[in-house]
Amino acid sequence: MERYTKTAISLHWLTALLIIAAFALGVTMVDIPGLTPTKLKYFSWHKWLGITVLGIACLRLLWRLSHPAPAYPFQMPRWQQAAAHALHLLLYFLIFAIPVSGYLYSLAAGVPVVYLGVVPLPVILAPNPELKPLLKLTHYTLNMILLGAVILHVLAALKHHFIDRDGVFKRILP
Ligand code: HEM
């Protein structure tokens with residue numbers, strides 16, 4: 001069966017690792033009480049991870065647009081192909097929307113982002129106390145949608161592997 005390209009496979013697993021790390025750090029850091037040095041450090045790491053995801057998302061999208069995904073197996077029902085396609089579109093949307101919402105939230109809160117502590121990123125939004133809670137809620141909600149989408153994505157992959165045994169999961173494995 002036709003596989004994904006090595007580049008697509010690398011970008012897929014790199015995105016997965018970075019998102020898991022950013023997500024875990026996100027839920028950990030917001031639960032640290034007060035404003036400790038550890039909390040501030042985690043916030044910075046979280047932002048750097050998220051900006052890295054955004055950069056990789058751009059590369060992924062360019063790669064995907066220039067390298068079509070392998071076709072689904074012919075025996076896969078139409079509705080499942082449509083559902084897979086819709087879920088993949090949602091995941092692509094989220095890997096852009098989540099970092100962008102976090103970035104805008106940080107700016108609205110009056111905290112410019114300095115990538116890796118070295119590269120100051122553009123301040124495209126002035127501090128904005130009205131937008132701040134809205135962007136925070138957006139960032140949170142998009143993350144909960146991501147959690148649901150990733151669970152579905154993993155369950156579908158496992159179904160292909162253990163129930164359908166159609167090789168669909170193997171073609172994204174390194
Ligand atoms: C893949 C990228 C990202 C993921 C998966 C992610 C995930 C999360 C999660 C799960 C939380 C905890 C939400 C909560 O429980 O309240 C969070 C909080 C936060 N994120 Fe992100 N994030 C990403 C990117 C970014 C980026 C790029 C920035 C900024 C440059 C950012 C800034 C923040 C901030 C400031 C908070 C704290 C919200 C608060 O004040 O409670 N995030 N993120």
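The values are calculated or read from the model by the stated rules, or taken from the named source; none is laboratory data. Small disclaimer: the values here were computed from a predicted structure and weren't measured. Here the Cβ is made from the backbone with ideal geometry for all residues, glycine too, and neighbour counts use every protein chain on show.
Some observations on this one:
- Unmet requirement for A71, which otherwise passes all of (1) in a helix (DSSP H, G or I); (2) more than 14 Å from the ligand (Cβ to nearest atom); (3) in contact (Cβ under 8 Å) with a residue 12 or more places away in the chain: (1)
- Filter result for V113 (modelled with pLDDT of 95 or more, β-branched (V, I, T) and near the ligand (Cβ under 8 Å from one of its atoms)): yes
- Each residue in region 151-174 was checked for being touching a Leu at 6+ places or on another chain (Cβ under 9 Å) and either farther than 18 Å from L17 by Cα or assigned to a helix (DSSP H, G or I) (or both), and 3 of them qualify.
- The set of residues in region 5-27 being in contact (Cβ under 8 Å) with a residue 24 or more places away in the chain and near the ligand (Cβ under 8 Å from one of its atoms) consists of L18, I19, A22, F23, L25, G26.
- Top-ranked residue in region 117-139 [being loosely packed, with under 15 Cβ neighbours inside 10 Å and part of a helix (DSSP H, G or I); ranked as farthest from the ligand (Cβ to nearest atom)]: L134
- Region 28-58, residues that are more than 10 Å from the ligand (Cβ to nearest atom), surrounded by 12 or more Cβ atoms within 10 Å (Cβ to Cβ) and not in a helix (DSSP H, G or I): I32
- Count - residues of region 89-105 that are more than 8 Å from the ligand (Cβ to nearest atom), closer than 21 Å to P70 by Cβ and either touching a helix residue (DSSP H, G or I) at 6+ places or on another chain (Cβ under 8 Å) or not in a helix (DSSP H, G or I) (or both): 3
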